[in-house]
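Working notes, structure below.
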Amino acid sequence: MNATELPAREAMEFDVVVVGAGPAGLAAAIRLKQLSPDTSVVVVEKGSEVGAHILSGAVIDPIGLDRLIPDWRGEGAQVHTPVNDDRFYVLGSSGALRLPNFMLPPLMSNHGNFIVSLGDVCRFLAKKAEALGVEIYPGFAAAEVLFENGAVAGVATGDMGIGKDGHHKTGFACGMELRAKYTLLAEGARGSLSKVLIERFALAQDRQPQKYGIGLKELWQVKPENFRGGLVQHTMGWPLGNSTGGGSFLYHFGDNLVAAGFVVHLNYANPYLSPFEEFQRFKTHPLVSGVFSGGKRICYGARALTEGGWQSVPKLVFPGGALIGCAAGFMNVPRIKGSHNAILSGMLAAEHVAAALSAGRAHDELASYEAAWRSTPIGHDLYRVRNAKPLWSKLGTAVGVALGGFDMWTNTMGFSLLGTLPHGKPDYATLRPAAACRPIVYPKPDGKLTFDRLSSVYLSNTNHEEDQPVHLIVRDASLQKSSEHDVYGGPSARYCPAGVYEWVEEGGKPRYVINAQNCVHCKTCDIKDPNQNINWVLPEGGGGPNYPNM
Ligand SMILES: Cc1cc2nc3c(=O)[nH]c(=O)nc-3n(C[C@H](O)[C@H](O)[C@H](O)COP(=O)(O)OP(=O)(O)OC[C@H]3O[C@@H](n4cnc5c(N)ncnc54)[C@H](O)[C@@H]3O)c2cc1C
Ligand code: SF4
């Protein structure tokens with residue numbers, strides 16, 4: 001059968017379609033049903049199950065859960081480890097300086113917070129949502145936005161069973177149209193449909209460019225003598241140089257589990273830098289290496305996070321829907337927390353959708369949601385830290401973080417001497433030509449504490465149907481060679497945490513190889529390619545990582 005002979009797509013009608021079963025999407029669905037049980041709500045999730053694509057730290061501020069499900073403590077919310085020790089260090093290559101807690105702005109304190117697997121929290125939220133009557137479809141990627149009279153009218157899930165060359169394989173199934181009065185996009189950082197809508201409706205006009213980081217994470221089962229349940233430890237400095245932003249986290253929780261992670265700000269300049277290798281090096285520091293001694297690495301993954309904050313949040317609404325959670329950029333960078341704002345923004349949007357539906361409205365702009373958010377706890381949370389990231393980017397780690405800390409202190413007291421600083425260039429424009437940069441030589445992995453990419457990706461349980469069109473679209477192959485390779489030295493081979501991109505020599509010429517089946521859906525290539533020449537589109541639903549508890 002070819003495309004011209006295809007039957008029309010089946011369509012289903014709902015009041016609200018939610019794209020993405022992360023904390024934002026599930027909170028929106030739950031809140032809609034709490035407010036109005038008769039509202040029909042469907043959630044589509046590209047992971048094979050809820051939580052399969054969720055990767056976070058995670059230390060959560062319970063403000064969101066408290067408001068959404070006030071009795072979550074008695075309801076098996078998978079939130080068991082309260083923070084009991086909170087430490088912040090500046091690392092040198094062999095030493096570490098602990099910053100006393102009293103020096104840190106109060107908003108940085110983690111007391112009252114909990115260490116969790118965010119994937120497990122999402123599984124709990126999904127159960128609550130289904131009990132309220134929400135329909136959740138995991139394994140279905142929302143691949144296309146539906147428009148009607150200029151407004152968003154829902155989404156279509158991707159076709160299943162298309163071969164690499166575009167032919168329809170046996171078992172081909174057409175995507176389905178999920179039509180709705182309002183569509184909420186909860187795709188997380190750098191959502192693909194969100195990107196389309198931000199561009200189409202010029203939602204980022206008059207805003208600062210969105211900024212991003214890449215976060216890499218390993219989950220370790222450590223020996224009981226190395227475990228300190230409730231300890232939250234952050235570092236900045238080594239192995240990153242002063243001009244590259246980022247840092248580490250180490251969270252001890254559950255049954256001898258340690259979540260170890262490393263974030264690199266994606267406005268780094270040296271194309272030879274590899275966030276993956278920096279993370280591996282970090283684990284060899286004497287402050288932390290002992291934690292892993294005799295332990296076992298049980299999971300690995302990576303995900304981009306938004307860092308632009310207050311001044312980069314786009315206009316949230318368009319005719320027929322809204323952005324929520326990290327699709328809108330509600331992450332608080334210095335706190336490394338976004339899940340509380342994801343839940344709060346999902347709830348807030350749901351309240352404005354419910355009011356619109358009860359007034360008989362559909363497919364229009366939820367202007368009141370856009371007008372409200374800056375004066376809610378989400379706005380309050382982001383406003384106080386709005387200069388931390390621009391200062392870090394402009395002045396480097398030593399001076400920028402100190403001044404950022406000072407500005408957060410003054411903001412806590414209700415004022416700032418700096419106003420609201422701009423971010424400068426978008427992250428794709430910050431790489432310098434390879435010829436102007438120093439190559440970085442990383443040590444070889446030892447297989448015990450440090451690892452290579454392929455054995456790491458194995459632990460993400462990533463799986464894609466191999467015979468399907470490549471979901472990493474290089475718009476102009478010759479530009480990739482003349483610029484990404486010849487000028488920038490092929491940074492995709494280093495920033496991709498899953499070894500998807502390689503430049504291989506063939507007959508004396510470089511050839512770009514894309515191992516798309518290894519992709520862990522972090523979205524870094526879509527953000528960092530220096531020419532914005534790589535477009536990440538949705539692969540078949542159910543493909544990608546299968547994180548058990550990240
Ligand atoms: C390394 C790292 C550490 C972090 N640490 C913390 C922390 O300690 N505390 C904290 O509070 N926050 C932390 N965050 C941030 C936090 O994880 C995010 O703020 C939060 O997950 C955002 O929730 P969300 O629902 O907006 O998006 P996500 O959690 O990203 O969920 C989006 C969901 O939508 C699905 N999806 C996306 N596109 C589609 C589509 N087109 N069709 C179908 N499904 C789709 C995805 O598969 C995913 O399940 C961290 C983030 C990272 C990367
Ligand atoms: S291909 Fe892109 S989205 Fe996939 S893992 Fe690599 S950088 Fe991340």
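The residues in segment 441-460 that are aromatic (Phe, Trp, Tyr) and farther than 19 Å from Leu240 by Cα can be counted, and the count is 1. Residue count for segment 178-202, restricted to those that are more than 16 Å from ligand 2 (Cβ to nearest atom) and either more than 28 Å from the chain's Cα centre (by Cα) or buried (at least 20 other Cβ atoms within 10 Å of the Cβ) (or both): 10.
Kindly establish whether Val513 is touching a residue at least 12 places away in the same chain (Cβ under 8 Å) and part of a strand (DSSP E or B). So Val513 fits the description; yes.
Which residues, taken from segment 519-533, are away from ligand 1 (no atom under 16 Å from the Cβ) and under 18 Å from the mean Cα position of the chain (by Cα)? Across segment 519-533, the qualifying residue is only Asp529.
Table: residues versus (1) buried (at least 21 other Cβ atoms within 10 Å of the Cβ); (2) in a helix (DSSP H, G or I); (3) within 15 Å of ligand 1 (Cβ to nearest atom).
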{"position": "Leu250", "(1), (2), (3)": "yes, no, yes"}
{"position": "Val258", "(1), (2), (3)": "yes, no, yes"}
{"position": "Val263", "(1), (2), (3)": "yes, no, yes"}
{"position": "Pro271", "(1), (2), (3)": "yes, no, no"}
{"position": "Arg281", "(1), (2), (3)": "no, yes, no"}
{"position": "Gly329", "(1), (2), (3)": "yes, no, yes"}
{"position": "Ala342", "(1), (2), (3)": "yes, yes, yes"}
{"position": "Gly346", "(1), (2), (3)": "yes, yes, yes"}
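Yes or no: segment 259-268 includes at least one residue that is of a type outside the set (Val, Ile, Thr) and without any contact (Cβ under 8 Å) to a residue 24 or more places away in the chain. Among the residues of segment 259-268, not one is of a type outside the set (Val, Ile, Thr) and without any contact (Cβ under 8 Å) to a residue 24 or more places away in the chain, which makes the answer no. Among the candidates Val513, Val470, Val457, the residue that is modelled with pLDDT under 95 and within 13 Å of ligand 2 (Cβ to nearest atom) is uniquely Val470.
To keep it simple, each residue is scored yes or no on (1) of a type in the set (D, E, K, R); (2) surrounded by fewer than 21 Cβ atoms within 10 Å (Cβ to Cβ); (3) under 26 Å from Met550 (Cβ atoms); (4) within 16 Å of ligand 1 (Cβ to nearest atom).
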{"residue": "Asp467", "(1), (2), (3), (4)": "yes, yes, no, no"}
{"residue": "His471", "(1), (2), (3), (4)": "no, no, yes, yes"}
{"residue": "Arg475", "(1), (2), (3), (4)": "yes, yes, no, no"}
{"residue": "Glu484", "(1), (2), (3), (4)": "yes, no, no, no"}
{"residue": "Ser492", "(1), (2), (3), (4)": "no, no, yes, no"}
{"residue": "Gly508", "(1), (2), (3), (4)": "no, yes, no, no"}
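For segment 401-418: of the residues being in contact (Cβ under 8 Å) with a residue 12 or more places away in the chain and among the small types (Gly, Ala, Ser), which is surrounded by the most Cβ atoms within 10 Å (Cβ to Cβ)? Spell out the reasoning first.
Within segment 401-418, the subset in contact (Cβ under 8 Å) with a residue 12 or more places away in the chain is 401, 403-405, 407-409, 411-412, 416, 418.
With among the small types (Gly, Ala, Ser) added as a condition, the list becomes 404-405, 416.
Details: Gly404: 24, Gly405: 17, Ser416: 18.
Filtering first and then ranking leaves Gly404.
Entry remark, segment 468-486: residues being among the charged types (D, E, K, R), more than 29 Å from Asp159 (Cβ to Cβ) and in contact (Cβ under 8 Å) with a residue 40 or more places away in the chain number 1 in total. Scanning segment 494-503 for residues being more than 7 Å from ligand 2 (Cβ to nearest atom) and either of a type in the set (Phe, Trp, Tyr) or under 17 Å from the mean Cα position of the chain (by Cα) (or both) gives a total of 1. The set of residues in segment 360-387 being of a type in the set (S, T, N, Q) and either under 15 Å from Gly321 (Cα atoms) or assigned to a loop (DSSP other than H, G, I, E, B) (or both) consists of Ser368, Thr376, Asn387.
Scanning segment 35-58 for residues that are over 21 Å from Pro548 (Cβ atoms) and in contact (Cβ under 8 Å) with a residue 12 or more places away in the chain returns Leu35, Ser36, Pro37, Thr39, Ser40, Val41, Val42, Val44. Taken together, the residues in segment 516-537 that are more than 8 Å from ligand 2 (Cβ to nearest atom) and surrounded by fewer than 23 Cβ atoms within 10 Å (Cβ to Cβ) amount to 7. Only a single criterion out of (1) in a loop (DSSP other than H, G, I, E, B); (2) within 16 Å of ligand 1 (Cβ to nearest atom) is not satisfied by Arg432, namely (2).
As a summary of the residue check, Asn110 satisfies the conditions (1) within 20 Å of the chain's Cα centre (by Cα); (2) among the polar types (S, T, N, Q); (3) crowded, with 20+ Cβ neighbours inside 10 Å except for the one numbered (1).
So if I check each of Glu465, Glu506, which one is without any contact (Cβ under 8 Å) to a residue 40 or more places away in the chain and over 19 Å from the mean Cα position of the chain (by Cα)? Can you show your working first?
Details: Glu465 fails: without any contact (Cβ under 8 Å) to a residue 40 or more places away in the chain.
Exactly one of Glu465, Glu506 is without any contact (Cβ under 8 Å) to a residue 40 or more places away in the chain and over 19 Å from the mean Cα position of the chain (by Cα), namely Glu506.
The selection criterion, being crowded, with 24+ Cβ neighbours inside 10 Å, in contact with a Leu (Cβ under 6 Å, 6 or more places away or on another chain) and small (Gly, Ala, Ser), holds for Ala27.
Against the conditions (1) in contact (Cβ under 8 Å) with a residue 24 or more places away in the chain; (2) out of contact with any helix residue (DSSP H, G or I) (no Cβ under 9 Å at 6 or more places or on another chain); (3) under 22 Å from Asn387 (Cβ atoms), Gly175 satisfies every one except (3). When we screen Ala322, Ala304 for residues that are under 30 Å from Asp486 (Cα atoms), within 13 Å of ligand 1 (Cβ to nearest atom), in contact with a strand residue (DSSP E or B) (Cβ under 8 Å, 6 or more places away or on another chain) and in contact (Cβ under 8 Å) with a residue 40 or more places away in the chain, the only hit is Ala304. Any idea which residue in segment 494-506 is surrounded by the most Cβ atoms within 10 Å (Cβ to Cβ), counting only those that are outside any loop (DSSP other than H, G, I, E, B) and touching a helix residue (DSSP H, G or I) at 6+ places or on another chain (Cβ under 9 Å)? So the residue we want is Tyr501. For Glu540, only one of the following conditions fails: (1) under 27 Å from Ala156 (Cβ atoms); (2) out of contact with any helix residue (DSSP H, G or I) (no Cβ under 6 Å at 6 or more places or on another chain); (3) within 13 Å of ligand 2 (Cβ to nearest atom). What is its number? Failed condition: (3). Meeting the requirement of 3 or more residues that are touching a Pro at 6+ places or on another chain (Cβ under 9 Å), the strands (runs of 3 or more DSSP E) wholly within segment 164-222 are 212-221.
The values are calculated or read from the model by the stated rules, or taken from the named source; none is laboratory data. As the structure is a prediction and not an experimental result, all values here were calculated from the model. Positions of Cβ are backbone-derived with ideal geometry, glycine not excepted, and every protein chain shown enters the neighbour counts.
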